[in-house]
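Accompanying notes for the structure given below.
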Amino acid sequence: MMAPKGIGEVRDLLFLLLLCLTLLAELLETAAASTQGLDGEGDIVCPSVCRCDEDFIYCNDRGLSAIPPLPPSASVLYLQNNQIDNAGLPKSLEHHTMVRVIYLYDNELDDFPMHLPPFLRELHLQDNNIRVLPRAALARLPLLEKLHLDDNSVSTVSIEDQAFVDNPRLRLLFLSRNHLSSIPSGLPASLEELRLDDNRISTIPTHAFRGLSSLRRLVLDGNLLANQRIADDTFSRLSNLTELSLVRNSLQTPPLNLPSAHLQRLSLQDNALIHMPRGSLDGMQRLQCLDLSGNNLTTLPRGLFRDLESLGQLLVRGNPWHCGCNLRWLHDWLEAKRNTITVRGFICQTPERVRDMALRDLTNQMDECELAAAGGGGVGAGVGGNKVSGGVVGVMGSTTLSPPQGSLFTLRSKRPGLGLPETGLDYTLSSSGVGKNLALNVKPISSDSIQVTWSVAQTSSSFRLSWLRLGTSSAMGSITETLVRGVRREYLLTSLQPSSSYIICMVPLVSNSGSRSSLPGGDTESNEVPVCARTETSNSNQPNDESEDQSSDQMSSLPLAGIIGGATAVVSLTLIIAIFCWYGHRAGRLASRDHYSHSSSRKSKHYDDYIESGTKKDNTILEIRGPGFQMMPMAARQPLEPKPVREDYIIHTIFPSNGTGLYKPPNNMTSSGYGTNRGYREGGIPDIDYSYT
């Protein structure tokens, strides 16, 4: 009886132990479900294809075509580098009120997402194919602060009017590498950083940045900007701007009226800068970095850096610097700032004796400039003591090319303020003129340009320079006038007519703010008579006159015996050619008689098909075809009657001119200010996007 009782107790113990193990297994399963499985209500806490780290959900690089169900506590969603399209964005996404940041770049979105979390702060949509920015979609994100839309297909006309009006907190907007042709309108006033680089923006009107007083960083790299298409006060409205980047454009000078109060970084590299005006950097006491690399600057005017008290980095690589006495001031400035500024790229290209030398290392050469100035009586000398030719006093810092003639300082009038000599009279003007206080010298340097240099005995605030092209008519033509700064001593006239005579006159202007007839800036003409000079531009197609004169002299100096010998040689050559023709005609008759006797040997020879048919094989643009010929047996006594030979020439155009194909753009797209838009038209972009209103 004891044995069965002991067995029953053991069985009960085993049952209790099994029950405890079962309960423990259920507890463990519930704990696992609470962390990454199922909870008591059956809601998904973390998708199996993703990785969760508290409220950070990592679903990137998974090859997903749709967003999986997400836990309600998610705040940052990493969904980049997938294959998610607009159909893969569930409507339930707008119910996740805890989400603050979404990374959806490098996916397959064609439209701006509509059903996004309403409290979103930061949205990354770069590397998609989004074309339109609708106001309705952006209005669902009233708290949005950062929007990244780089590398999409957004155009100017595809941004709806007032698209950002419901985003009053937007601080950062990136639209790099899109299809924009102008600055988007209706940008929020809260914007602090705007990137529009690598688009097709060519024009910036006055109102482009109106209301963006909070903007601190503006990037316009890689566009089609030129000085003539930027309004004068465009950037002056950005009073709080700290960084401006205009890299890879077509600027010849810095834009006018740059904001100077808070600017800390100015990037102008890889443009076409040929001139830095003296006051272009005035007032920039907080500027820390200036980049002028990759331009065509040869010198810098004295006093350009006078207000750059905080400048710590100056980059000027890739410029053809002329290290003459014109940069003596810059050498001294660099010596004074040696321990407080980092300079890269001041390597001399000219003169030859200082090529590839750093400007800071030219101490001895710059000392020669001081000695030359002291011993030459004020006559400008370059490195090495080369004085300015032509009796013109040089001024340091005047070797920079002048801005284009179509600037705001150029005036055209039928009645100029500066009187020129009457064209009906015979004036004996030469290439130089000397007045009471001014000496003028003109020199043509090409078929369409003339270099004007001058020296003055007294300093003037400015000069009035006028030039007139003389024609066949006795009437006075239109005179072109321009005002030249008083520190300049040379000016380059461009876009002139070849083979034309020009009268060039100059008169110094004196400062007189109280005069009614004063010019802009308070300058009036002095009582001095204008100094004029006359020169003529050369003909680009005309051979050199010296070589013609030399050839004519050589022909006139030939002796009579040489002429007789030449005539004898011509007669002898004519006789020899006649003898060969007679012999060839006689040999042709004999060959026709023996045609059949030599037919077997003719068959054994190899003939080129092209030669036999009379066609010249040519792989160039022209293909010439001529008639064939055939030798026929004729009777021995039958006279030979020559037949007229008829030749036809067929010209085939193999390639169109310039390799541009047969595409002919419309008339309104041939403006020199705009590039071709054929690539964008084939990409499906509407034509209205290429025009600027």
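The values are calculated or read from the model by the stated rules, or taken from the named source; none is laboratory data. Remember, predicted model here, so these are calculated numbers, not experimental data. As a convention, Cβ positions derive from the backbone with ideal geometry for all residues, glycine included, and neighbour counts pool all protein chains shown. The accessibility values were calculated without ligands, DNA or RNA, using every heavy atom of the protein model including side chains. Shrake-Rupley method; radii C 1.70, N 1.55, O 1.52, S 1.80 Å.
Some observations on this one:
- For the stretch 350-359, a residue qualifies if it is farther than 24 Å from Cys289 by Cα and either in a loop (DSSP other than H, G, I, E, B) or open to solvent by less than 60 Å² (accessible area, probe 1.4 Å) (or both), and the qualifying residues are Thr350, Pro351, Val354, Arg355, Asp356.
- Residue that is modelled with the highest pLDDT, among those in the stretch 220-251 that are among the hydroxyl-bearing types (Ser, Thr, Tyr) and open to solvent by 50 Å² or more (accessible area, probe 1.4 Å): Ser250
- Pairs are defined by a Cβ separation below 8 Å, a sequence spacing of at least 6 or placement on different chains, a first member in the stretch 484-499 that is within 14 Å of Leu470 (Cβ to Cβ) and in contact (Cβ under 8 Å) with a residue 24 or more places away in the chain, and a second member that is in a strand (DSSP E or B) and open to solvent by less than 30 Å² (accessible area, probe 1.4 Å); the pairs so defined are Leu496/Ser449; Leu496/Ile450; Leu496/Tyr502.
- Considering only residues in the stretch 160-177 that are within 14 Å of Ile130 (Cβ to Cβ) and of a type in the set (D, E, K, R), the one that is modelled with the highest pLDDT turns out to be Arg177.
- Scanning the stretch 118-130 for residues that are in a loop (DSSP other than H, G, I, E, B) and more than 19 Å from Val165 (Cα to Cα) yields Leu125, Gln126, Asp127, Asn128, Asn129, Ile130.
- Restricting the search to strands (runs of 3 or more DSSP E) fully inside the stretch 429-469 and requiring at least 2 residues that are under 39 Å from the mean Cα position of the chain (by Cα) and modelled with pLDDT of 80 or more gives 438-446, 449-456.
- Which listed residue, of Asp291, Asp307, Asp282, is of a type in the set (D, E, K, R), open to solvent by less than 30 Å² (accessible area, probe 1.4 Å) and within 29 Å of Leu215 (Cβ to Cβ): Asp291
- Filter result (touching a residue at least 12 places away in the same chain (Cβ under 8 Å), open to solvent by 10 Å² or more (accessible area, probe 1.4 Å) and assigned to a loop (DSSP other than H, G, I, E, B)) within the stretch 261-279: Ala261, His262, Gln264, Gln269, Asp270, Asn271, Ala272, Ile274, His275, Pro277, Arg278
- Condition check for Arg237: touching a residue at least 24 places away in the same chain (Cβ under 8 Å), touching a helix residue (DSSP H, G or I) at 6+ places or on another chain (Cβ under 7 Å), farther than 19 Å from Glu309 by Cα and among the charged types (D, E, K, R): yes
- Among (1) open to solvent by 50 Å² or more (accessible area, probe 1.4 Å); (2) touching a Leu at 6+ places or on another chain (Cβ under 9 Å); (3) in a strand (DSSP E or B) - the single one Thr340 does not satisfy: (3)
- Scanning the stretch 71-108 for residues that are in a helix (DSSP H, G or I) and open to solvent by less than 70 Å² (accessible area, probe 1.4 Å) turns up Asn86, Gly88, Ser92, Leu93, Glu94.
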